[in-house]
Amino acid sequence: MPKRNFWLFTGPMFGGKTTRMFNEIDRVQKHGAGKAILFKPSADERKEGAAVTYNNHSMPAIEIPKERSWEIFDVLEALKNDGREFDIIALDEVQFYDMRLCGVVDELLDMGYDIMAAGLETDF
């Protein structure tokens, strides 16, 4: 299997992490490099069903409980059964998820997905 891509956008609050990830999602989709799906932790309550930047730009996102990141696999399987497949998995506010997210990301990379992730450098 070809080597997969992993983008990680980190920095302080209001540092433009999600904005940069949105721009990268738009870029790769515009140039036909893949179709992306965005996930966010349900603990992020700023806008239901969407990830939001500090300047209020939003993109549709599927909410996953922070302690159940493995549910991403269930969502992907359900969407695949409906004929919707994706090449890129984007994850916003990754600092809210527990450490199991690392294993989920490894498995997604092994499955052939490209990964984009944005979040704070620390969790305090």
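The values are calculated or read from the model by the stated rules, or taken from the named source; none is laboratory data. All figures in this text were calculated on a predicted structure; none of them were measured in a lab. No Cβ is skipped: glycine too gets one built from the backbone with ideal geometry, and neighbour counts run over all protein chains shown. Only protein heavy atoms, including side chains, enter the accessible area calculation; ligands, DNA and RNA are left aside. Shrake-Rupley method; radii C 1.70, N 1.55, O 1.52, S 1.80 Å.
Do we find a residue being open to solvent by 80 Å² or more (accessible area, probe 1.4 Å) and not charged (D, E, K, R) anywhere in the range 80-91? Steps first, please.
Going residue by residue through the range 80-91, those that are open to solvent by 80 Å² or more (accessible area, probe 1.4 Å) are 80-82, 84-85.
Within this subset, residues satisfying the condition of being not charged (D, E, K, R) are 81.
The answer is yes; a qualifying residue exists.
If you filter the range 34-56 down to residues that are closer than 9 Å to residue 88 by Cα and not β-branched (Val, Ile, Thr), you find that the one that is most open to solvent (accessible area, probe 1.4 Å) is 35. Go through the range 68-91 and count every residue that is touching a Phe, Trp or Tyr at 6+ places or on another chain (Cβ under 8 Å) and not in a strand (DSSP E or B). Selection size over the range 68-91: 7.
Among residues of the range 1-16 that are at pLDDT 85 or above, those with a beta-carbon under 6 Å from a residue that is open to solvent by 70 Å² or more (accessible area, probe 1.4 Å) at least six positions away or on a different chain give the pairs 9/20; 10/121; 14/54.
Of all residues in the range 15-45, those satisfying the criterion of being part of a loop (DSSP other than H, G, I, E, B) and more than 22 Å from residue 87 (Cβ to Cβ) are 15, 16, 42, 43, 44, 45.
How many of the residues in the range 1-41 are over 19 Å from residue 121 (Cα atoms) and in contact with a Lys or Arg (Cβ under 7 Å, 6 or more places away or on another chain)? Write out each step before concluding.
As a first pass, look at the range 1-41 and keep what is over 19 Å from residue 121 (Cα atoms): 1-5, 23-38.
Filter again for in contact with a Lys or Arg (Cβ under 7 Å, 6 or more places away or on another chain), leaving 29.
Adding up the residues that qualify gives 1.
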